[in-house]
Structure formats: C-alpha cells, structure tokens
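*Asks:* First the structure, which I've put down as structure tokens, then a few questions once you've had a look.
The values are calculated or read from the model by the stated rules, or taken from the named source; none is laboratory data. For clarity, every value in this text was computed on a predicted model and none was experimentally measured. Note that we place each Cβ from the backbone using ideal geometry, even for glycine, and neighbour counts take in every protein chain shown. Protein only, heavy atoms only, side chains kept; ligands, DNA and RNA dropped before computing areas. Shrake-Rupley method; radii C 1.70, N 1.55, O 1.52, S 1.80 Å.
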Amino acid sequence: MREVETAWGQVTTDYAEQLDLVIEASTSGAALNRFQTQLLDGYDLFLLKTMQQQAITQIITDDGGYVTVPDIQVFSANQNVIKATASQGKQEQVVSPLLPFF
C-alpha cells in the first residue's frame with residue numbers, strides 16, 4: 001500500500017493538475033456523439049471533453065476504453081490493456097509499465 005500511496009502522491013504533486021469540469025449542453029452533446037464511436041462511459045466522456053478543452057493528450061488509467069480514443073497517450077499498468085493495444089497495432093498509444101515513470 002505504501003508504494004501506491006507514494007506513486008499517487010507523486011502524481012498529484014508532480015505530474016497532475018486539478019481541472020474544473022463544467023457539464024453544459026455542448027459538453028453533454030459532445031459526449032453523446034463520442035459515445036457512438038469510443039468505448040467509454042459517461043464519466044469518462046466528460047473527462048475526455050475536459051482533456052480536449054485543456055489540450056491534454058496523456059492520461060494515467062487502467063480503463064481500456066481510452067485506447068479507442070485517437071490522439072491521446074495512455075499510461076497504464078493494466079496488462080489486458082497493454083496486450084489488447086499490441087494486438088491492435090496501437091502499442092505506441094500505451095506506455096507501460098506505469099510505476100517506473102515515477
């Protein structure tokens with residue numbers, strides 16, 4: 001648990017910035033449009049919209065749905081995500097393993 005707490009502390013202090021998420025008509029409309037082409041749930045679609053608004057192109061996640069999103073780079077230690085992206089020829093989109101980056 002200590003390793004996870006240490007890594008999370010580094011993410012929140014060194015590698016991440018807290019952003020406000022505003023859900024308005026244009027945000028929910030964009031989420032609905034993306035829902036048809038990308039394997040993400042509503043929460044993730046709103047997060048993705050915020051990333052787009054802030055010009056963020058990298059995300060740390062174990063959610064495999066993010067590999068369906070073009071033009072972002074996923075940092076993950078989820079071996080299923082890593083294997084799936086390799087089999088789809090998208091290995092440049094996923095960076096692994098995650099913890100050595102900290």
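*Asks:* For the chain, rounded, prolate or oblate, judged on the Cα gyration tensor with a ≥ b ≥ c (square roots of eigenvalues), a/c < 1.5 rounded, else prolate if a/b > b/c?
*Replies:* Here the chain falls in the oblate category.
*Asks:* Relative contact order of the chain: what whole-number percent is it, with Cα pairs under 8 angstrom and at least 6 residues apart?
*Replies:* 21 percent
*Asks:* Still on this structure: Kindly sort Arg34, Arg2 by accessible area of their heavy atoms, largest first, with the probe set to 1.4 Å.
*Replies:* Sorted by accessible area, descending: Arg2, Arg34.
*Asks:* While we're on this one: Keeping the other protein chains in place, figure out the carbon and sulfur percent of the accessible area of region 1-84, with a 1.4 Å probe.
*Replies:* Its accessible area is 53 percent carbon and sulfur atoms.
*Asks:* Additional query: Please list, in order along region 24-34, the HN-Hα scalar couplings obtained from phi with the Karplus expression 6.51 cos²θ - 1.76 cosθ + 1.60 (θ = phi - 60°), rounded to whole Hz, x for Gly and Pro.
*Replies:* Taking θ as phi minus 60°, the curve returns 10, 4, 5, 5, 5, x, 5, 5, 4, 5, 5 Hz for region 24-34.
*Asks:* While we're here: Would you mind checking which residues have amide H under 5 Å from Phe75's amide H? H placed 1.01 Å from N; only 5 or more apart, or other chain.
*Replies:* Here Ile59, Ile60, Thr61, Val95 satisfy the definition.
*Asks:* Still on this structure, I have one more. In square angstrom, rounded to the nearest 10, how much accessible surface does Thr68 have for a 1.4 Å probe?
*Replies:* 40 Å²
*Asks:* Once a ≥ b ≥ c are taken as the square roots of the eigenvalues of the Cα gyration tensor of region 12-68, is the result rounded (a/c under 1.5), prolate (a/b larger than b/c) or oblate (a/b not larger than b/c)?
*Replies:* Verdict is oblate for region 12-68.
*Asks:* Further question: With a 1.4 Å probe and all protein chains left in place, how much accessible area per residue does the chain have, in Å²?
*Replies:* Each residue of the chain exposes 68 Å² on average to a 1.4 Å probe.
*Asks:* Between Gln54 and Thr68, with labels modelled 7 Å along Cα→Cβ, what's the label distance in nm to one decimal, could you check?
*Replies:* 2.4 nm
*Asks:* How far is it, in nm, from the label point at Gln10 to the one at Ser26 when both lie 7 Å from their Cα along the line to the Cβ?
*Replies:* Simple spin-label model gives 3.8 nm for this pair.
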